[in-house]
1. Consider only pairs whose beta carbons are under 7 Å apart and that are at least six residues apart or on different chains; among these, list those whose first residue lies in segment C:17-28 and is crowded, with 16+ Cβ neighbours inside 10 Å and whose second residue is acidic (Asp, Glu) and at pLDDT below 70.
2. Considering only segment B:1-113, give the helices (runs of 4 or more DSSP H) lying wholly within it that have at least 3 residues that are closer than 22 Å to residue B:218 by Cα, open to solvent by 10 Å² or more (accessible area, probe 1.4 Å) and facing chain C (nearest Cβ under 9 Å).
3. Among the candidates B:204, B:150, B:127, which residue alone is within 14 Å of chain C (Cβ to nearest Cβ) and under 19 Å from residue B:234 (Cα atoms)?
4. Which residue is farthest from residue B:112 (Cα to Cα), if the candidates are limited to segment B:257-284 and must be polar (S, T, N, Q) and under 19 Å from the mean Cα position of the chain (by Cα)?
5. For segment B:288-296, state whether one or more residues are modelled with pLDDT under 90, within 14 Å of chain A (Cβ to nearest Cβ) and open to solvent by 40 Å² or more (accessible area, probe 1.4 Å).
6. Within segment A:121-204, which helices (runs of 4 or more DSSP H) (wholly inside it) include 1 or more residues that are open to solvent by 20 Å² or more (accessible area, probe 1.4 Å) and of a type in the set (Asp, Glu)?
7. What are the residues in segment B:218-250 that are polar (S, T, N, Q), open to solvent by less than 40 Å² (accessible area, probe 1.4 Å) and more than 9 Å from chain C (Cβ to nearest Cβ), if any?
8. Given the conditions (1) among the small types (Gly, Ala, Ser); (2) within 27 Å of the chain's Cα centre (by Cα); (3) modelled with pLDDT of 90 or more, report the number of the one that residue B:306 does not fulfil.
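The values are calculated or read from the model by the stated rules, or taken from the named source; none is laboratory data. Treat the numbers as computed from the prediction; the structure is a model and nothing was measured. With ideal geometry, Cβ positions are generated from the backbone for all residues, glycine too; neighbour counts draw on all protein chains shown. Keep in mind that these areas ignore ligands, DNA and RNA; they rest on the heavy atoms of the full protein, side chains included. Shrake-Rupley method; radii C 1.70, N 1.55, O 1.52, S 1.80 Å.
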Amino acid sequence: MSGHHTDVEEHDATNAYQSLSQTTAVDDPRWAFGTGVEDVQAEITSPVPDGVDPADLAAYCLMLGDDALICSHRISEWVSNAPELEEEVALANTALDLLGQARVLLARAGHVEGLGSTAGSAGSAGRGRDEDALAYLRTESQFRNVALAELGDELDFARAIARLLIFSTWRLALLHRLLGSRDPVIAAVAGKGVKELTYHRDYAARWTLRLGDGTDESHRRMQAALDAIWPYVEELFRTSDEERRLVEAGVAVDPAQTRAEVDAVLDEVLAKATLTRPQRPAIGTIGGRGGRQGLHTEQLGHVLAEMQSLARQHPGATW
Amino acid sequence: MPDTDELAAGFEAEFERTIAADQRIEPRDWMPDAYRRTLIRQIAQHAHSEIIGMQPEGNWILRAPSLRRKAILLAKVQDEAGHGMYLYAAAETLGVDREELTEKLIDSKQKYSSIFNYPTLSYADIGVIGWLVDGAAICNQVPLCRCSYGPYARAMIRICKEESFHQRQGYELLLAMVNGTEAQRAMVQESVDRWWWPSLMMFGPPDADSPNTQQSMAWGIKRHTNDELRQRFVDMTVPQAAALGVTLPDPDLRWNPERQAHDYGEPDWEEFKAVLAGSGPTNAQRLAHRRRAHENGAWVREAAQAYADKQAARSRKEAAA
Amino acid sequence: MSEDVTDLTAEGGRGAVPTTGVEAGAGERKRRSWPLYEVFVRGKRGLNHVHVGSLHAADDEMALHNARDVYTRRNEGVSIWVVRADHITASSPAEKDPFFAPAGDKVYRHPTFYAIPEEVPHL
């Protein structure tokens, strides 16, 4: 249980200062958070599988990575705002898991785009960008996440839970199918992510039960949260051109195929929670394009304005 | 049957023997009422400090300048929530409950460390908080691992282990920044200038103004005086500042070969008192934030309790059927 | 109590906090928070479950999940036990302590942090 603390036990606990002067920039695994990250890191430079267009693969890694990055950011907004201290810890764990997945996927995207002969439709400006260049120096239209991930919750716990329930149910279904991806990095992220997302889904489902079948107020709030978020569910099952080509190549999963599983899980949870599955029309697209093509809600711009502000103020800085 | 006074005297003697033998007092042991009250205040306010302390650092999570720094900061602030929990649990062994202590915090009936009433104005503050503020906290907390009250001492051991990571990440961030651009170096120095004196104030007023120190020391709740700890902190920090290439903003700071320690200037105790009394730069903001989070969470906590009650009733019904 | 002088101790942990002049709290209020649970973790196979701390949760299931989040963070422990603190029966350190248990002090009995985790130094 104190596996990530073993380092300290070698020191005299009364002399914690000792280690300071010897501190190096070596990444302490505790901070990378997520024990599998180092293993995954080693594979980021794996060759692109035969027959796969690097631009497609880079775009797909961005889709999966941006979903995780932006959703993690939204969950992080709860820090110091959670309804109970135990939930502070649980929400931060979830945000850290997703951030860990995002880092590997963005690093893979950056590596692969550096190998690519043609610039992808996402408008990859440079070659071989690292995770931070991708996270901090892209504009809204270069982000590939689904709208669901970027929706704000205004610190309404019901909305946070509704978003996490749907997001984690869907992402778990995706990652299950990506365990056998021909891209070794995606397969590795799926391997680690399935365990994490199983927990996130479980957490969200338990809270959906408590809120749905708790008090009158919590029931009303949870139902309202589901109603508000439901129009964004449809996009999760829309297949982009890149995904279609990568499914052929054995790298990606067709999100449309996860629909039955996601529906079944949500139906079961909502029924147990005495909640009603909303009947709401899906949010419309713009000429058939949505998050996967870089067209977002108005909210993403604000997320990025905040997230990227410091990094953009200091070009060339190292942190 | 012996009368109550005799029994009381026996218990008190037993308590004194335990303390004198440097053994731990445990929750079910008899303890003097004043010992209990002093501990509750100290542990509860330590817990409050952890929880309020999430805010100044949390202020930068959404703007952390790299994904690695974001993960580090998120994990660190999460640790602080955990530390608050460990400490509230230790306080609960003394007969108070967390809800009650939280209310005393948001009603300003209990305090938290003044250091968290200063704002975080640049990302260098994240590094400086790790280095100076967590560094000062380690000086304060390490002796508490030997506190006479068992639950507090054990909570502190867990916390101290995690704190040393906190301090390291802070110092490491500062190292990266002073080796970065000119603007980053300036940011670090500006941050050190702002945090140095408040960090020294974290040790509390000079010993001469701490009348109750002797009682706390006799009880083994306190192991060193405020000034001893402050001196230790200054002596440890000076070479670390040199390694970073930053200047500590105290013209009186110099090595005194006779004392084999650094002389240093006097912090502005008027500022300390003002911040403690509630007029620090962010006192009102911090408390309002904590109150808002607690109140916004009330319906969630109630829902979970209502659901648990319903489930329990259902299983009782099933068992009866 | 004559504690009108505000005394501040550096060993308030994160920074000096007053040890006098603030309320201590006496447990006089009706409890409204989630119940308290004690948490025991088996660090690895072959070891006993060891008491690691406590937490609040609305029910057993939530307690188990919170314990995983708070006390094992990741999957380090191989097994976790949680038990409501008020379901624990503890021995009395001195036969006669009920005479002196302060009134209304039920939590006095609960054994938080009763056992010392085996990896703990100094003790």
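1. So the pair list comes out as C:18/C:7; C:19/C:7; C:20/C:3; C:20/C:7; C:27/C:105.
2. On the way: elements: B:4-20, B:33-52, B:54-58, B:67-92, B:98-106.
Because the criterion is at least 3 residues that are closer than 22 Å to residue B:218 by Cα, open to solvent by 10 Å² or more (accessible area, probe 1.4 Å) and facing chain C (nearest Cβ under 9 Å), the helices (runs of 4 or more DSSP H) in segment B:1-113 that meet it are B:4-20, B:33-52.
3. On the way: B:150 fails: under 19 Å from residue B:234 (Cα atoms); B:127 fails: within 14 Å of chain C (Cβ to nearest Cβ).
That would be B:204, the only listed residue that is within 14 Å of chain C (Cβ to nearest Cβ) and under 19 Å from residue B:234 (Cα atoms).
4. Just the residues of segment B:257-284 that are polar (S, T, N, Q), to begin with: B:260, B:279, B:282-283.
From what is left, the residues that are under 19 Å from the mean Cα position of the chain (by Cα) are B:282-283.
Numbers: B:282: 13, B:283: 10 Å.
Applying the filter and picking the extreme gives B:282.
5. Narrowing segment B:288-296 to residues modelled with pLDDT under 90: none.
No, there is no match, as no residue in segment B:288-296 is modelled with pLDDT under 90, within 14 Å of chain A (Cβ to nearest Cβ) and open to solvent by 40 Å² or more (accessible area, probe 1.4 Å).
6. Values: elements: A:131-137, A:147-150, A:157-178.
The helices (runs of 4 or more DSSP H) meeting that bar are A:131-137.
7. Just the residues of segment B:218-250 that are polar (S, T, N, Q), to begin with: B:225-226, B:231, B:237, B:240, B:247.
Right, trim to open to solvent by less than 40 Å² (accessible area, probe 1.4 Å) and you get B:225-226, B:231, B:237, B:240.
Within segment B:218-250, B:231, B:237, B:240 qualify.
8. So residue B:306 meets the others, but not (2).
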